[in-house]
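Just below is one structure, and these are the notes that go with it.
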Amino acid sequence: MKKHIHHFWIFFLLASHSLQAQTTPDLQKLDAYFEQMVKDWDVPGASIGIVKDGQLVFTGNYGTKTVSKNEKPDEHTLYAIASNSKAFTSAVLAMLVQEGKLNWNDRVKDHLPYFSLFDDPWISAHVTIRDLLSHRVGLGTFSGDVIWYKNEGSAEDFIKRAGKVPQAFDFRGGYGYSNLMYVAAGEIIRTITGKTWGENVQERILHPLGMDRTITTAKDLDKKGNYVTAHGREEGKNFPIEFEDWESIAATGGLISSVSDVAKWMIFNMNHGIIGEDTLISTTNRNLMWTMHNVNVVDHTQPNDLGRHFSGYGLGWNMGDFHGRFMVGHTGGYDGMITAVTMIPEEKLGIVVLTNGHQSPIMAATYYAFDQFLGTGNKDWSADLLKRSLANQANDTRIEDIKKARVLNTKTSVPSSQFIGTYRSDIYGKIEIKEENGALRIYFEDAPRLNASLKHWHYDTYEIIWDEKHAWFNFGTIQFLLNNKMQVTGMDFNVPNDDIFFEELKPVKIQ
């Protein structure tokens, strides 16, 4: 079935009253809109759920689980929800606070003695759990993600390497969305409880809430069945890719869930941490997690589409307002899947949008549904946001600029054999350049899935031809660096994308 609409909702709405004007949503219209939206955005598939007043009142499922196959998802189909997992991390920490096992203002170093940042002893000693969860330690947004991406190392390895990532702004002086700091939060949970992040989430949240389809590792996908395929996008086409296992970094984005299960999570949160007769999260901690610890700038010089007056980040949650109503939620970006969970608690209204492609209408679906339920307008969010998305793609000329600057028929400054050797990156470890069958190859010691062949581009620059297709990037180059003695000293990466910053590696040749 494409959808499952609870018709009793219409009668309930007619009998209910709100302090602010609402409309009775036309769920058939909503369903038709979503179906067309998925086609217009050319996302392979999507599952959407709407919660109102403690009930899942609408589910819509569109497209296919896998391109070239006609397999429609349903409300129990599993998608990776990525950074929507962060709110589970802050929830577990809240429970540990309530149990007296830690405090929000505990210094991270007291729990993880090896923790450090920027080679700065003072900052390293003063970072608190709140700092980790609100993205204010001084790291740039997504900075250091190249450390863990497709890397077979441990969470502890990644945290230690994060200490060498450059500082982007003053400690507690700005906003830099940091996955690495949530990995550290997960390790604090493991250190205190003696159990993994996944075990804690299972015991403390998934089991009590009845989220019995949700898993914390991709290794369990086949046990559950009914899951989508992830898709990358290249030259306007979606292509299937392997499901990634983010178990080692699960605290920042490891959950795999469904519309039905995420609905239970939203209902629990809009009931402020209470499930049945049990209060899992105290009022104090609920309020703290939904309090802005980091504030974003809002342009007050002109109207905006959301009627937004404020925007910021709490502990595992984004927050702002939607036409005068408090709005809280998060999005998730995973290799080949984009998702969103958004709630307006005072209306007990929540939207979950799960998609299995990178050109994704998560917020178009969210805002359109809010408008229909709240009577705040009838804007065609899909058309507007798709136009903006396509314009942003068209304006991104980074790859085109590299290709235009290419100089044909050039040679390397030194024989290519001199590029062969072992290189070391402070934030990463060993990277090797080898010659095989007359061509250069690059090997990443702890991330073999990033291995690639190198094809001469121009001068001392080579194009990277990856052994497998990746979701976030599909083109890149390496420039070998030489000193004034014509000795190879290192290399610089240029892999244009907005998520995995290879240019941070800066490997130095050590032999």
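How much of the calculated P(r) for the stretch 226-360 lies past 23 Å, in percent of all Cα pairs?
Working: 4043 of 9045 pairs.
Taking all Cα-Cα pairs of the stretch 226-360, the fraction more than 23 Å apart is 45 percent.
Given the -39500 (n - 2.57) contribution per DSSP H run of 4+ residues, what per-residue ellipticity at 222 nm results for the chain, rounded to the nearest 500 deg cm²/dmol? Kindly include the intermediate steps, with their values, before the conclusion.
Working: 17 runs with 146 residues, N = 511.
Result for the chain: -8000 deg cm²/dmol, rounded to the nearest 500.
With everything on Cα atoms, drop me the angle between helix 362-374 and the longest principal axis of the chain, reported from 0 to 90° to the nearest 10.
In the chain, helix 362-374 runs at an angle near 20 degrees to the longest axis.
Would you mind working out the accessible area per residue for the chain, using a 1.4 Å probe, and quoting it in Å²?
Accessible area per residue, the chain: 42 Å².
For the stretch 165-268, compute Rg over Rh where Rg is the Cα radius of gyration and Rh is the Kirkwood radius from the inverse mean 1/r over Cα pairs.
1.04
Grab the other residues whose beta carbon is less than 11 angstrom from that of D131, score K and R as +1, D and E as -1, and report the net.
+3
Tally Lys/Arg at +1 and Asp/Glu at -1 over every other residue whose Cβ is under 14 Å from the Cβ of S83; what's the total?
-3
What's the center-to-center distance, using Cα atoms, between the stretch 450-511 and the stretch 60-109 in Å?
34 Å
Projected area of the chain, taken from the Cα convex hull and averaged over every viewing direction, in nm²? Don't jump to the answer; show the numbers that get you there.
On the way: hull surface 103.2 nm².
Spelled out: convex hull of the Cα atoms, projected over all directions, averaged, 25.8 nm².
Over the stretch 145-189, what percent of the accessible surface lies on carbon and sulfur atoms, probe 1.4 Å? Write down the numbers at each step before the final one.
Details: 590 of 1430 Å².
With neighbouring chains kept in place, the figure for the stretch 145-189 is 41 percent.
Using per-residue counts of other Cβ atoms within 10 Å, averaged over each peptide, order 391-398, 234-241 from highest down.
Descending mean neighbour count gives 234-241, 391-398.
Around K469, what is the net charge, scoring Lys/Arg as +1 and Asp/Glu as -1 over all other residues with Cβ under 10 Å from its Cβ?
With Lys, Arg at +1 and Asp, Glu at -1, the neighbours total -4.
Can you pick out the pairs among K224/K506; K223/K348; K72/K150; K223/K455; K150/K403; K29/K150 whose Cα atoms lie more than 31 Å from each other?
K224/K506; K223/K348; K223/K455; K29/K150
At a probe size of 1.4 Å, how large is the accessible area of H358, to the nearest 10 Å²?
50 Å²
By accessible area of protein heavy atoms, probe 1.4 Å, what ranking do D74, D321, D26, D110 get, highest first?
Largest accessible area first, the residues go D110, D26, D74, D321.
Enumerate the calculated ³J(HN,Hα) couplings along the stretch 314-325 in order (Karplus 6.51 cos²θ - 1.76 cosθ + 1.60, θ = phi - 60°), each rounded to whole Hz, writing x wherever the residue is Gly or Pro.
Going residue by residue, I get x, 10, x, 9, 7, 8, x, 9, 10, 6, x, 10 Hz, with x marking Gly and Pro.
Which value, in nm² and rounded to one decimal, describes the direction-averaged projected area of the C-alpha convex hull of the stretch 205-250? Please list the in-between numbers first.
On the way: hull surface 17.7 nm².
Average projection, Cα convex hull of the stretch 205-250: 4.4 nm².
Using amide H atoms built in the peptide plane, which far-off residues or other-chain residues are under 5 Å from I81 H to H?
Under 5 Å from the amide H of I81: L255, I256, S257.
Please report the spacing between the Cα centers of the stretch 347-363 and the stretch 111-139 in Å, no decimals.
Here the answer is 32 Å between Cα centres.
Starting with the highest mean, order 413-419, 44-50 by the number of other Cβ atoms within 10 Å, averaged over the residues of each peptide.
By packing density, highest mean first, the sequence is 44-50, 413-419.
The values are calculated or read from the model by the stated rules, or taken from the named source; none is laboratory data. In this text, all values refer to a predicted model and were calculated from it rather than measured experimentally. No Cβ is skipped: glycine too gets one built from the backbone with ideal geometry, and neighbour counts run over all protein chains shown. Keep in mind that these areas ignore ligands, DNA and RNA; they rest on the heavy atoms of the full protein, side chains included. Shrake-Rupley method; radii C 1.70, N 1.55, O 1.52, S 1.80 Å.
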